[in-house]
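Below is one structure, written out as structure tokens; comments come after it.
FYI, it's all coordinate maths here, none of it is from the lab. Worth saying up front: this structure is predicted, and the values here are computed from it rather than measured. Reconstructed Cβ throughout: ideal geometry from the backbone, glycine too, with neighbour counts over all protein chains shown.
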Amino acid sequence: MELQVKNASGGAFSQITVPEEVFARPFNETLVHQVVVAYLASARAGTRAQKSRAQVSGGGSKPWRQKGTGRARAGSTRGPIWRGGGVTFAARPQDHSQKVNRKMYRVAMRAIFSELLRQNRLLVVEELALPEIKTKQMIARLAAMGLADQRRVLLVNEEVDLNLYLSSRNLAQVAISDVAGLDPVSLVSADTVVMTAGAVQRVGEWLG
């Protein structure tokens with residue numbers, strides 16, 4: 001299938017051929033949801049920890065005798081009802097990651113790219129490189145492509161471009177990625193995904 005490539009000013013430039021198995025797949029909502037949830041779960045640190053009554057220091061002796069004081073019986077000052085005591089159901093470090101097969105991940109990514117194309121949320125441009133580090137030039141580039149009012153724009157270059165990254169890092173609505181760093185959450189959450197022709201070709205080779 002053919003995709004139209006636009007120039008820096010938003011006009012038609014040329015066309016490129018992309019594999020249909022990557023950019024013309026039916027959308028599998030269940031699989032995409034599973035992959036997105038697994039990706040977000042894997043990003044969780046899972047490092048929370050609390051001390052139980054067995055791990056809190058102190059409380060070795062009985063605070064007062066069993067009978068005759070008028071107070072409730074107590075065997076330790078480190079119980080959950082005491083100030084400074086342990087937590088009843090103490091949290092433990094845990095791994096939240098979910099296993100996703102490589103084949104499932106690739107199929108989900110194909111479905112995402114295909115759906116972006118069907119919804120006109122995928123824009124292919126000749127190049128994104130900037131001659132110098134200038135945020136004003138990045139804003140002008142977005143305005144020329146009609147993306148100035150977009151809430152979330154994902155710019156995907158073939159490789160890491162330092163000028164592009166530094167020129168857009170102060171723009172809250174713009175995110176930068178290379179092909180190797182693409183993930184399903186960034187693609188799904190973006191209002192518009194702008195990719196260079198070289199990046200599209202590499203995605204086709206990766207998922208084709």
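How high is the relative contact order of segment 46-95, in percent, with contacts defined as C-alpha pairs under 8 Å that are six or more residues apart?
It rounds to 51 percent for segment 46-95.
If exposed GluC sites (Glu not before Pro) are those in a DSSP loop with at most 11 other Cβ within 10 Å, what is the longest stretch of the chain that has none?
1-131
Can you sort Arg83, Arg71, Arg106, Arg78 by how many other beta carbons sit within 10 Å, fewest first?
Arg83, Arg71, Arg106, Arg78
To the nearest 10 degrees, how steeply does helix 29-42 sit against the main Cα axis of the chain, on a 0 to 90 scale?
Once rounded, the angle reads 50 degrees.
What order do you get for Ile139, Ile176, Ile81 when you list them from fewest to most C-beta neighbours inside 10 Å?
Working: Ile139 16, Ile176 21, Ile81 8.
With the sparsest Cβ surroundings first, the list reads Ile81, Ile139, Ile176.
Treating the angle as unsigned and between 0 and 90°, give the value, to the nearest 10°, between the Cα long axis of helix 197-207 and the longest Cα principal axis of the chain.
Roughly 60 degrees between the two axes.
Can you tell me the relative contact order of the chain? Whole percent, Cα pairs under 8 Å, sequence separation 6 or more. Intermediate results must be reported in sequence, preceding the final value.
On the way: 338 pairs, mean separation 53.0, N = 208.
Relative contact order, the chain: 25 percent.
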